[in-house]
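The values are calculated or read from the model by the stated rules, or taken from the named source; none is laboratory data. Because the structure is a prediction, the values reported are computed rather than measured. Quick reminder, even Gly has a Cβ in these numbers, built from the backbone with ideal geometry, and neighbours come from all protein chains shown.
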Ligand SMILES: Nc1ncnc2c1ncn2[C@@H]1O[C@H](COP(=O)(O)OP(=O)(O)OP(=O)(O)O)[C@@H](O)[C@H]1O
Ligand SMILES: [Mg+2]
């Protein structure tokens, strides 16, 4: 069974239909890169996967849990589906360690000591061991985003959603974040990333999804799709960003 | 149910209650206009006047804002006659209301004036406007636009606070309600009706002030 | 008739001030607890709860505190329960305070960026946990100044309890005035005592506000 399976999902904001029947299968270990023009519905799709947005029809199953069900167990779902945002969204009133430990202690009821050990481990993974007791405001954008990744990793998610996580960063800070994501991909983490980094999508992705006007317009293995886009829309898009 | 509500017993007193309501409305309107005038003068004096005048204004504002309205009212109505100034209950009520709203609006308007960039005032001065013209056309105009919502809320607070004037027998809505209650002993019904009248008045005032604001400050 | 010296008047007023302080503290703290519960309801996103709190706030902010005191005083009696002015006053002032605090705090909660809600939701926190661990700690920082500022309104509000016969500072003033016929002195002293209670709170609120603005 696929880890995440999206079937004919439709989503409207009022009269505006943003997702017009999206279907997508994500297997364990996949690194899915979603690309597409601004407004094509990439963020909305990602947000539907962990229940931040409700959809009107279709079905999303993540780790066996029906996301949009009337009595969807969102808490259980979100324990296994992590998300990293463009704007980091670190909790400014907590230290780096506090940010990483919060969900562990509150949701998983992990004892403080153990939670701190896990925090140390995931912070090491993103290269920020020495910042455990720093405050978010003392960190650079790239460091903050890496803490945000660690914060999600601490929950041991089965899949991690990343929505343009380098778009708010100064260009020189982009790579430190991408390297962390690449490392995660190598370790077998299932990732669904919306990204404008085409080279990263091609080199790290196992699957490329091109969204256009609320639909999956074209998908396939990244290297092949980039080398020979089938649809004129993707050809034009690849041309415009290259 | 232990008690049956009898609103019918209020009917014979509708004219008393209506008179009270009218008094409350007049009291509110008059003290709003006069209170804002006092506030404008106070805020201008505080920001642009001589230092000693500014200090007088500060003392006035802080004294009023840090004592209950009812005590201010009692002081004016009961205390001042001892100092040779005797006022009717109606006059005392009006004066107390104006003094009270005057202090609050001084503070609100002052905050509005302070939020105006210095450059605007200098620009006005450099256009050869007189001090008064700058004050009226640049400073107060902008300040009022900014603080209009805060001032509107304060007007409603003062309107509701005016129910206290019944305690010196000024014949407002609360006084009328007290009167009716003393006649037919339907305390709860009367006060519930009066409370709803105040609630309606507050909501009406709020939408009225909002509409007025749109007309006065329409996108210039 | 007894003869009252200046010191007699002052000491009697100060004794009554104790009740003004007690009533203020009870109204403020109980009102704060009720207000916190209402805040959770108001921001829960559950429509009936939101509708209830909205009407509650509309009522307590849209009617005179004096009317509320009357309604509690005469309303509870309808159920055949003996009501003391003390009981009616604490109840009315508590609920009145809670409405204003809820509204003040709601503003603070709503000023917290949406991203904080989303990030904590994504970490599987429930609404109550989000409020408890993420939103309220941040909102509290902004809420302190206006909350302290509102405490001044509570102290002044207790003066109305005198009207339903609760003996606190204002009522004591009225009684002393009736006994001494020195209204100018008595009400000056009453005002002065209220000022001494309220001004430090106002000053502190302003100080806090200034510090918060400077921190931004
Ligand atoms: N909360 C909302 N209410 C109304 N419309 C929305 C809302 N969120 C998104 N939209 C609209 O839905 C459409 C798709 O938005 P979405 O954020 O999914 O696009 P995107 O592909 O992520 O674009 P970008 O690359 O700019 O992030 C846009 O037209 C957007 O204006
Ligand atoms: Mg987006």
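Looking at (1) within 12 Å of another protein chain (Cβ to nearest Cβ); (2) within 16 Å of ligand 2 (Cβ to nearest atom); (3) not in a loop (DSSP other than H, G, I, E, B), which is the only condition residue A:32 fails?
For residue A:32, the exception is condition (1).
Could you list all residues from the range A:162-176 that are part of a loop (DSSP other than H, G, I, E, B) and in contact (Cβ under 8 Å) with a residue 40 or more places away in the chain?
Result: A:164, A:165, A:167, A:168.
Confirm whether residue C:125 is at pLDDT 95 or above, buried (at least 22 other Cβ atoms within 10 Å of the Cβ) and not in a helix (DSSP H, G or I).
yes
With the range A:71-131 as the region, which helices (runs of 4 or more DSSP H) entirely inside it contain at least 3 residues that are at pLDDT 95 or above and away from ligand 2 (no atom under 16 Å from the Cβ)?
A:96-106, A:112-125
Kindly indicate whether residue A:9 is more than 14 Å from chain C (Cβ to nearest Cβ), closer than 18 Å to residue A:220 by Cα and within 14 Å of ligand 1 (Cβ to nearest atom).
no
Counting only residues that are surrounded by fewer than 17 Cβ atoms within 10 Å (Cβ to Cβ) and within 13 Å of ligand 2 (Cβ to nearest atom), how many does the range A:35-64 have?
Going through the range A:35-64 one residue at a time, the tally reaches 3.
From the list B:106, B:174, which residue is crowded, with 22+ Cβ neighbours inside 10 Å, within 19 Å of the chain's Cα centre (by Cα), in a helix (DSSP H, G or I) and within 12 Å of another protein chain (Cβ to nearest Cβ)?
Matching residue, one of B:106, B:174: B:174.
Of all residues in the range C:86-116, which are over 22 Å from residue C:24 (Cα atoms) and crowded, with 20+ Cβ neighbours inside 10 Å?
Once the filter is applied, which keeps residues that are over 22 Å from residue C:24 (Cα atoms) and crowded, with 20+ Cβ neighbours inside 10 Å, the range C:86-116 yields C:108, C:109.
I'd like the full set of residues that are on the phi < 0 side of the Ramachandran plot and not in a helix (DSSP H, G or I), limited to the range B:56-103.
B:66, B:67, B:68, B:83, B:85, B:86, B:87, B:88
Provide a single number: the residues in the range A:38-59 that are closer than 27 Å to residue A:180 by Cβ, near ligand 1 (Cβ under 7 Å from one of its atoms) and not in a helix (DSSP H, G or I).
3
Here is a list: A:179, A:156, A:202. Which entry is away from ligand 1 (no atom under 16 Å from the Cβ), within 30 Å of residue A:77 (Cβ to Cβ) and more than 14 Å from chain C (Cβ to nearest Cβ)?
Checking each option against the conditions leaves just A:179.
Select, from C:168, C:209, the only residue that is out of contact with any strand residue (DSSP E or B) (no Cβ under 6 Å at 6 or more places or on another chain) and more than 21 Å from residue B:104 (Cα to Cα).
After applying the criteria, what remains is C:168.
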